[in-house]
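Notes to accompany the following structure.
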């Protein structure tokens, strides 16, 4: 599990380095800059999501990609639903440390046999 979370070659890692220590203990913000991998630019477009869904053999209609742990900056006009409704960003801002950056306390995915929705958590 440790490698999946912070291993630079892990398929679920998603960034160039882990700077948790720098974020907490170093004042220079450039030291804690983490560059996200191309997935995060490509997946916000419907075409990118369609390619990912096709790779997993999923139908394009009715399939979704759910991302967590990505802050959604509502206060800057960002939305948690992207790529024509194929990508949902959840829990972005749940941590109090991110709430001043996001303007919200995150999202929770609600899903059952008839419904797919995001519950928005206000500050």
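The values are calculated or read from the model by the stated rules, or taken from the named source; none is laboratory data. These numbers come from a predicted model, not from an experiment. Glycine also receives a Cβ, built like all others from the backbone with ideal geometry; neighbour counts cover every protein chain displayed.
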Going by the conditions given, is residue 41 assigned to a helix (DSSP H, G or I), loosely packed, with under 12 Cβ neighbours inside 10 Å and either more than 12 Å from the chain's Cα centre (by Cα) or at pLDDT below 85 (or both)? no
Note: among 104, 65, just one is under 30 Å from residue 24 (Cα atoms), touching a helix residue (DSSP H, G or I) at 6+ places or on another chain (Cβ under 7 Å) and in contact (Cβ under 8 Å) with a residue 12 or more places away in the chain, namely 104
Among (1) assigned to a helix (DSSP H, G or I); (2) in the same structural domain as residue 115 (by TED's automatic domain parsing); (3) under 25 Å from residue 8 (Cβ atoms), residue 54 falls short only on (3)
